[in-house]
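Trainee: Please read through the structure below; I'll follow up with questions.
The values are calculated or read from the model by the stated rules, or taken from the named source; none is laboratory data. Every value quoted in this text rests on a predicted model; they were computed, and no experiment measured them. Note: ideal-geometry Cβ built from the backbone for every residue, glycine included; neighbour counts use all protein chains shown.
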Amino acid sequence: MGMNIAIDGPAGAGKSTIAKMIAKKMEFIYVDTGAMYRAMALFLLRCRVDPQNAEQIGEMCEQADITIRYENGEQIVLLNGENVNGLIRTQEVSNMASVSSAHPKVRAKLVRLQQELAARESVVMDGRDIGTCVLPDADVKVYLTASAAVRAKRRYDELMAKGVGCSLSEIEAEIEERDRRDMTREISPLRQAEDAVLIDSSDMSAQEAAEAVIALCNAQAL
């Protein structure tokens, strides 16, 4: 029987970075839920589904089988058995994913696929509602957060390093607005699961936060 680790938290808390570090260290599968939604978007585009036709999206999404596996240390996203890694990062796919991911039937289908993957493998999964909705029985649940100011500064530094001009105050305002949306949305709002361990990474490096989660896993395994 494998181990499942659920990491939830607000935007910019470092969830994906830390989840990947944990997966590599523990030799688990990092489940990139965003990539799975992109693969679904690619499938819908191939089926020439109208992004505004909710009924058609709901019908067609049931025909997609999406999973993740690792080959030679690389994450492979499979859509009906096809490696679609090189096809899911286009703007067209991003636009469709933004629309289709809000559809309840798409969400229900992908949650089911994510649960099936977690039932077969040891996984680390991060998102907004992993511990509350997707993997409510996960062995280890973490709510990873950091202050809005710290998250904004991290994003600011990241953009500046890429040569992208930006405003720190605007980024912080956007993060606070996204937190508000995530926490008040109707379907699966962002919240800390009752049995999740709170880790505030405001004064921690990604390595330190990852080690804190690994320590929780080691304690659980005893």
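Trainee: Is one or more of the residues making up region 95-104 within 22 Å of THR132 (Cβ to Cβ) and in contact with a strand residue (DSSP E or B) (Cβ under 7 Å, 6 or more places away or on another chain)?
Mentor: no
Trainee: A further question follows. Has region 13-26 got at least one residue that is touching a helix residue (DSSP H, G or I) at 6+ places or on another chain (Cβ under 7 Å), among the small types (Gly, Ala, Ser) and under 30 Å from LEU168 (Cα atoms)?
Mentor: So far as region 13-26 goes, yes, one or more of its residues are touching a helix residue (DSSP H, G or I) at 6+ places or on another chain (Cβ under 7 Å), among the small types (Gly, Ala, Ser) and under 30 Å from LEU168 (Cα atoms).
Trainee: If we scan region 69-79, do we find a residue that is out of contact with any Cys (no Cβ under 9 Å at 6 or more places or on another chain), buried (at least 19 other Cβ atoms within 10 Å of the Cβ), without any contact (Cβ under 8 Å) to a residue 60 or more places away in the chain and of a type outside the set (Asp, Glu)? Outline the logic, then answer.
Mentor: The initial filter retains those residues of region 69-79 that are out of contact with any Cys (no Cβ under 9 Å at 6 or more places or on another chain), namely 69-79.
Those left that are additionally buried (at least 19 other Cβ atoms within 10 Å of the Cβ): 77, 79.
Next cut, without any contact (Cβ under 8 Å) to a residue 60 or more places away in the chain only: 77, 79.
Adding the requirement that they be of a type outside the set (Asp, Glu) leaves 77, 79.
Yes; the residues of region 69-79 include at least one that is out of contact with any Cys (no Cβ under 9 Å at 6 or more places or on another chain), buried (at least 19 other Cβ atoms within 10 Å of the Cβ), without any contact (Cβ under 8 Å) to a residue 60 or more places away in the chain and of a type outside the set (Asp, Glu).
Trainee: Which of the residues spanning region 192-222 are among the hydrophobic types (A, V, I, L, M, F, W, C), surrounded by 15 or more Cβ atoms within 10 Å (Cβ to Cβ), touching a residue at least 60 places away in the same chain (Cβ under 8 Å) and touching a helix residue (DSSP H, G or I) at 6+ places or on another chain (Cβ under 8 Å)?
Mentor: The answer is ALA193, ALA196, ALA209, ALA210, VAL213, ILE214, CYS217.
Trainee: Another question about this same structure. Spot the failing condition for ASN83; the list is (1) within 24 Å of ARG185 (Cβ to Cβ); (2) surrounded by fewer than 16 Cβ atoms within 10 Å (Cβ to Cβ); (3) at pLDDT 90 or above, and only one is missed.
Mentor: Result: ASN83 passes all but (1).
Trainee: Next up: At least 2 residues that are modelled with pLDDT under 95, under 19 Å from the mean Cα position of the chain (by Cα) and closer than 30 Å to ASP65 by Cα in each: list the strands (runs of 3 or more DSSP E) lying fully within region 113-222 that qualify. Spell out the reasoning first.
Mentor: On the way: elements: 123-127, 140-145, 197-200.
Those strands (runs of 3 or more DSSP E) span 123-127.
Trainee: Ok, one more. Regarding ALA97, is this residue assigned to a loop (DSSP other than H, G, I, E, B) and either crowded, with 20+ Cβ neighbours inside 10 Å or out of contact with any Gly (no Cβ under 7 Å at 6 or more places or on another chain) (or both)?
Mentor: Numbers: assigned to a loop (DSSP other than H, G, I, E, B): no; either crowded, with 20+ Cβ neighbours inside 10 Å or out of contact with any Gly (no Cβ under 7 Å at 6 or more places or on another chain) (or both): yes.
Criteria not met by ALA97.
Trainee: Got a sec? Which of SER100, SER94 is at pLDDT below 95, under 15 Å from ALA35 (Cβ atoms), of a type outside the set (Val, Ile, Thr) and touching a Leu at 6+ places or on another chain (Cβ under 7 Å)? Spell out how you get there, then give the answer.
Mentor: Working: SER94 fails: touching a Leu at 6+ places or on another chain (Cβ under 7 Å).
Checking each option against the conditions leaves just SER100.
Trainee: Kindly list, by first and then second residue, each pair from a residue in region 19-30 that is in a loop (DSSP other than H, G, I, E, B) to a residue that is buried (at least 19 other Cβ atoms within 10 Å of the Cβ), limited to pairs with Cβ atoms under 8 Å and residues at least 6 apart or on different chains.
Mentor: From region 19-30, the pairs are PHE28/ILE5; PHE28/ILE22; PHE28/VAL123; PHE28/VAL124.
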